[in-house]
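Here the structure is laid out as C-alpha cells; the discussion comes afterwards.
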C-alpha cells in the first residue's frame, strides 16, 4: 500500500534545514562526556594487550550487529579473524572464506583509522565496496541509478506497506554532494560546527538515510557515518557499538526513523538517537569490564585447570559478554575437546564444584554457564 498523499522530508520546502529544540540535549551531552570519561578510566586499568582486545571486541560487535539489523548473518569468529589479520595479530594470516565478514572488518578499521579526516564521496564509495564484498547482485561503489522509486517496504508481495520513499536516483549525486559538504561544515572547526556530538551524529544518520544513495547497504554505511561524527566530536575513535544497541529493538529504530523522515523538525528523532548512543556507552563499559574479568580469571585459574577445561572456557569466552548460546553441556564439551562423555561430565562437575561454572537445569538437560565474577 502506498499513500501518495504522504510527503517526506526531502519533498518539503525547508529540506534539508533540520530543526530541533537544542535545549533538550544539554543534559544528555553532559551525560555523554561523563560516560566517555568512565570508559577511558576503565581502559586505563587494562594492559595494552587487554585494551586492544576490548577495542577489537567492540568492533566485532558492531560489524556483526550492523549486518544483523539488515537481516544478514555473518560469523563473529570470521569477523574477529579478519580484524586480527588486518592488524597483523594472527601469526599466520588466517584464511576467512566469507567475503562479507572480510568487508565488514575492513569497514570497522577504516572508519576508526580515518575518523579525523573530512568525509569524501570516495570514502562512501570505498565503504560501500567493502560492505558489498561477496554480493554478486550489486554494482558496488556507486550511487543508485535505477529509474524505479527507492522505497523502504514491508509485508508480502502484492500487499506491501511503503514506509518511506527516497529522492529519485537522478537527484542523488547533487543531494550527496550537499550532504558531504554539510557533514564537513558541521564538524570540529567547521564554519557551522555542531558542538553537541549527539545532535550532529543523529542528524547525520537521518540525513544520509533519507537520501538512501545506494542500491543496498544504506543502513550500514549510515551507521558508520554516525560513528565518524561521534569520533570527530571527541577527538578520538569512539569506543562503542551503536548497532548492538539498535539491534536489541529494531522496531523502535525503524519507527523512530520513519517518524523522523516525515518532517524536518526532528527533535523526537534526536531524543531517540541520543538514548541509543548513551545505552551503547553503558554496553561498552560492560564489554571492557568483561575483558578485565577475563584477564583476572586466567591469572587465577590458568595453572589450576586442565588443558581440556581451559580450551572449553576459552571457546565460551570467544562469544564475548553475550556468552555462549545455550551454555555448556556434556555433548558440547565432548565435541570441543574430543574426549569421552564420562570425562566431560567429570570435568564439568569439577568446574561447578570450584564455582567456575553454574549448573542450570538438571538430568539430561543440565548445562553450565561460566561465572567470571
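Express in whole angstrom the spacing between the alpha-carbon centres of region 19-92 and region 313-373.
Using only Cα atoms to place each centre, the spacing works out to 28 Å.
Return the Cα extents of region 236-320 along principal axes one, two and three, sorted largest first, each rounded to a whole Å.
In descending order, the Cα extents are 62, 25, 16 Å.
If I fit a long axis through the Cα atoms of helix 267-301 and take the longest principal axis of the Cα atoms of the chain, what angle between them do I get, 0 to 90°, rounded to 10?
With both axes taken from Cα atoms, the answer is about 20 degrees.
For region 9-290, what's the relative contact order in percent, using C-alpha pairs closer than 8 Å and at least 6 residues apart? Walk me through the numbers on the way to the answer.
Numbers: 380 pairs, mean separation 77.6, N = 282.
The normalised contact order for region 9-290 reaches 28 percent.
Region 307-370: Rg/Rh from Cα coordinates, Kirkwood Rh?
Numbers: Rg = 10.6 Å, Rh = 11.6 Å.
Computed over Cα atoms, the ratio is 0.92.
Please identify which residues in region 262-286 have an amide N closer than 11 Å to a label point set 7 Å out from the Cα of residue 195, following the Cα→Cβ vector.
none
Counting only DSSP beta bridges with both residues in the chain, tell me the antiparallel percent, nearest 5.
Roughly 90 percent of the beta bridges in the chain run antiparallel, per DSSP.
Given the peptides 142-151, 256-265, arrange them by the average over their residues of other C-beta atoms within 10 Å, most packed first. Display every interim value, and only then the final one.
On the way: 142-151: 13.0, 256-265: 18.6.
Sorting 142-151, 256-265 by mean packing, highest first, produces 256-265, 142-151.
What percent do you get for the relative contact order of region 209-310 when only Cα pairs under 8 Å and 6+ apart count?
Working: 41 pairs, mean separation 23.8, N = 102.
Relative contact order for region 209-310 comes out at 23 percent.
Give me the orientation-averaged projected area of the Cα convex hull of region 9-290, in nm², one decimal.
On the way: hull surface 60.3 nm².
Taking the Cα atoms of region 9-290, their convex hull projects to 15.1 nm² on average.
Quote the relative contact order of region 307-370 in percent (integer), defining contacts as alpha-carbon pairs under 8 Å separated by 6+ residues.
Computed over region 307-370, the figure is 31 percent.
How far is helix 48-69 tilted, in degrees, relative to the longest principal axis of the Cα atoms in the chain, given as a value from 0 to 90 rounded to the nearest 10?
The answer is roughly 60 degrees.
Can you classify region 124-228 as rounded, prolate or oblate using the Cα gyration tensor, where a ≥ b ≥ c are the square roots of its eigenvalues, rounded means a/c under 1.5, and otherwise it's prolate if a/b beats b/c and oblate if not?
On the way: a/c = 1.94, a/b = 1.62, b/c = 1.20.
Cα axes put region 124-228 in the prolate bin.
Determine, for each peptide in 78-90, 222-234, the mean count of other beta carbons within 10 angstrom over its residues, then list the peptides with the highest first. Intermediate results must be reported in sequence, preceding the final value.
Working: 78-90: 19.3, 222-234: 24.0.
The peptides rank, most packed first, as 222-234, 78-90.
Taking N as the number of residues in region 62-167, what is its alpha-carbon radius of gyration divided by 2.2 N^0.38 Å? Don't skip to the end; give the middle numbers.
On the way: Rg = 16.5 Å, N = 106, 2.2 N^0.38 = 12.9 Å.
Cα Rg divided by the expected 2.2 N^0.38 Å: 1.27.
In deg cm²/dmol and to the nearest 500, what is the mean residue ellipticity at 222 nm of the chain if only DSSP H runs of at least 4 residues count, each as -39500 (n - 2.57), divided by the residue total? Let's see the in-between values first.
Values: 14 runs with 208 residues, N = 373.
-18000 deg cm²/dmol, from helical runs alone.
Report the FRET efficiency, 1/(1 + (r/R0)^6), for residue 346 and residue 34, where r is their Cβ-Cβ distance and R0 is 45 Å, rounded to 0.05. Show your work: numbers first, answer last.
Numbers: r = 49 Å, r/R0 = 1.08.
Once rounded, the FRET efficiency stands at 0.40.
For the Cα atoms of the chain, what angle does the longest principal axis make with the long axis of helix 197-211, in degrees from 0 to 90, nearest 10?
It works out to around 70 degrees.
Where a number appears in this text, it was derived from the coordinates with a stated rule and is not lab data. Remember, predicted model here, so these are calculated numbers, not experimental data. Neighbour counts run over all protein chains shown; Cβ positions are idealised from the backbone, glycine included.
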